[in-house]
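Trainee: Input: one structure, supplied below.
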Amino acid sequence: MAIDQAFNETVEYYDSWIRKAVPGYDDLFAVAKELIPFTPEQSVDVLDLGAGTGLFAGQVLEKYPLARFVLWDVAGRMLDVASQRFLDRPEQFRYVVDDYRNLRDAGSFDLVVSSLSIHHLEDDEKRELFCRIHDILRDGGVFINIDLVRGPTSVLEDFYCKNWFEKMRGAGASEEEIRAGIERRLAFDKEALLEDQLLWLREAGFTDVDCVYRNFKMGLFFGVKGSMSK
């Protein structure tokens, strides 16, 4: 099954599932919003890669009500849900159904965000994408990526995964939901080490690079192009 088909099939329950599947969901996205260095009255241009149903974009919109968004995802049905979420703001949202490995002539942006998506790429594709993101950001722009982190040893990876599944159960996920999530993970996930992801961001030209938040398998990565806005 192709990745677009697999995620299109989750649209009916994705939003409720992701809150169970991401430990510390509210804290994670709260920190992500704190990292955005612009003032709330600015009409920043935002690109959301692997935007899905628009959950991350919705978080950004709460802080930047005048922002303009491009939501980019290979799964068209996911973006259909996003378009309904932002139905009352048609002038602020544009939707692109495409693989973001084809990210060309996308325009320029102040902020690029992504959540739980880029780990579907091979490592060399991640590195190339980070370079493209750097290219389309304006000076002072930032890249915020919420993504999975592979444990540095097999023992730690196994421990992190067991911890993750227990947290899912604690959040109310059923065994069937967890099994389906594991199946998608085995089929599509290509997780990278934390230090490799930081290295690739620096190699792409980002400054002030860090993993600002870490919760076992979940990492919040941050990078600036040029000088960060004060």
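The values are calculated or read from the model by the stated rules, or taken from the named source; none is laboratory data. What you see is a predicted model, and the numbers here were worked out from it, not measured in a lab. Please note: Cβ atoms are built from the backbone with ideal geometry, for glycine as well, and neighbour counts cover all protein chains shown. These accessible areas exclude ligands, DNA and RNA; they are computed on the full protein's heavy atoms, side chains included. Shrake-Rupley method; radii C 1.70, N 1.55, O 1.52, S 1.80 Å.
Trainee: If you go through segment 104-156, how many residues are in a strand (DSSP E or B) and small (Gly, Ala, Ser)?
Mentor: Step one: list which residues in segment 104-156 are in a strand (DSSP E or B), which gives 109-115, 137-150.
Add one more test, that the residue is small (Gly, Ala, Ser), and what stays is 114-115, 140-141.
Adding up the residues that qualify gives 4.
Trainee: Identify the residue in segment 16-29 that is free of Cβ contacts under 8 Å to residues at least 60 places away in the same chain and more than 14 Å from the chain's Cα centre (by Cα) and, among all such residues, is farthest from residue 63 (Cα to Cα).
Mentor: So in segment 16-29, the residues free of Cβ contacts under 8 Å to residues at least 60 places away in the same chain come out as 16, 25-26.
Checking which are more than 14 Å from the chain's Cα centre (by Cα) leaves us with 16, 26.
Details: 16: 22, 26: 15 Å.
That would be 16.
Trainee: When you look at residue 32, is it among the aliphatic types (A, V, I, L, M), open to solvent by less than 20 Å² (accessible area, probe 1.4 Å) and farther than 23 Å from residue 228 by Cβ, yes or no?
Mentor: no
Trainee: Please count how many residues of segment 153-163 are surrounded by 12 or more Cβ atoms within 10 Å (Cβ to Cβ) and either over 25 Å from residue 13 (Cβ atoms) or in contact with a Phe, Trp or Tyr (Cβ under 6 Å, 6 or more places away or on another chain) (or both).
Mentor: 5
Trainee: I'd like the full set of residues that are open to solvent by less than 50 Å² (accessible area, probe 1.4 Å) and either modelled with pLDDT of 85 or more or more than 15 Å from residue 97 (Cβ to Cβ) (or both), limited to segment 4-14.
Mentor: First, the residues of segment 4-14 that are open to solvent by less than 50 Å² (accessible area, probe 1.4 Å): 6-8, 10-11, 14.
6, 10, 14, listed by residue number.
Trainee: Does any residue in segment 173-200 that is farther than 21 Å from residue 16 by Cα come within less than 6 Å, Cβ to Cβ, of a residue that is part of a helix (DSSP H, G or I) six or more places away or on a different chain, and which pairs are these?
Mentor: These pairs meet every condition: 191/119; 192/123; 200/127; 200/130.
Trainee: State whether the residues of segment 117-129 include one that is open to solvent by 60 Å² or more (accessible area, probe 1.4 Å), of a type outside the set (A, V, I, L, M) and in contact with a helix residue (DSSP H, G or I) (Cβ under 9 Å, 6 or more places away or on another chain). Walk me through it before giving the result.
Mentor: Going through segment 117-129, the residues open to solvent by 60 Å² or more (accessible area, probe 1.4 Å) turn out to be 122, 124, 127-128.
Pick out the ones that are also of a type outside the set (A, V, I, L, M) and you get 122, 124, 127-128.
With in contact with a helix residue (DSSP H, G or I) (Cβ under 9 Å, 6 or more places away or on another chain) added as a condition, the list becomes 127-128.
Yes: segment 117-129 contains one or more residues that are open to solvent by 60 Å² or more (accessible area, probe 1.4 Å), of a type outside the set (A, V, I, L, M) and in contact with a helix residue (DSSP H, G or I) (Cβ under 9 Å, 6 or more places away or on another chain).
Trainee: Right, another one. Does residue 61 satisfy being within 18 Å of residue 8 (Cβ to Cβ), modelled with pLDDT of 95 or more, part of a helix (DSSP H, G or I) and open to solvent by less than 30 Å² (accessible area, probe 1.4 Å)? So that I can check it myself, show each step before the final result.
Mentor: Working: within 18 Å of residue 8 (Cβ to Cβ): no; modelled with pLDDT of 95 or more: yes; part of a helix (DSSP H, G or I): yes; open to solvent by less than 30 Å² (accessible area, probe 1.4 Å): yes.
Here the answer is no, as residue 61 does not meet what is asked.
Trainee: Same structure again: With (1) outside any loop (DSSP other than H, G, I, E, B); (2) hydrophobic (A, V, I, L, M, F, W, C); (3) under 19 Å from residue 85 (Cβ atoms) as the list, and residue 51 as the residue in question, which single condition is left unmet?
Mentor: (1)
Trainee: Go through segment 91-116 residue by residue and tally those that are over 16 Å from residue 51 (Cα atoms) and open to solvent by 50 Å² or more (accessible area, probe 1.4 Å).
Mentor: Here the count works out to 4.
Trainee: For segment 80-107, enumerate the residues that are polar (S, T, N, Q) and at pLDDT 95 or above.
Mentor: Within segment 80-107, the first condition is being polar (S, T, N, Q), and the residues that meet it are 83-84, 92, 102.
Matches in segment 80-107: 83, 84, 92.
Quick grid of which residues meet (1) open to solvent by 70 Å² or more (accessible area, probe 1.4 Å); (2) part of a helix (DSSP H, G or I):
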| residue | (1), (2) |
| --- | --- |
| 165 | no, yes |
| 172 | no, no |
| 186 | yes, yes |
| 197 | no, yes |
| 202 | yes, yes |
| 210 | yes, no |
| 213 | no, no |
| 221 | no, no |
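Trainee: Turning to a different aspect of this structure: Every residue in segment 79-115 that is among the aliphatic types (A, V, I, L, M) and in contact with a helix residue (DSSP H, G or I) (Cβ under 6 Å, 6 or more places away or on another chain), please. Outline the logic, then answer.
Mentor: Step one: of segment 79-115, the residues among the aliphatic types (A, V, I, L, M) are 79, 81-82, 87, 96-97, 103, 106, 111-113.
Within segment 79-115, 97, 103, 106, 112, 113 meet the criteria.
Trainee: Is there a residue in segment 73-84 that is open to solvent by less than 80 Å² (accessible area, probe 1.4 Å) and either farther than 27 Å from residue 20 by Cβ or of a type in the set (Phe, Trp, Tyr) (or both)? Reasoning before the result, please.
Mentor: First pass over segment 73-84, keeping only residues open to solvent by less than 80 Å² (accessible area, probe 1.4 Å): 73-76, 78-79, 81-83.
Those left that are additionally either farther than 27 Å from residue 20 by Cβ or of a type in the set (Phe, Trp, Tyr) (or both): none.
For segment 73-84, residues open to solvent by less than 80 Å² (accessible area, probe 1.4 Å) and either farther than 27 Å from residue 20 by Cβ or of a type in the set (Phe, Trp, Tyr) (or both): absent.
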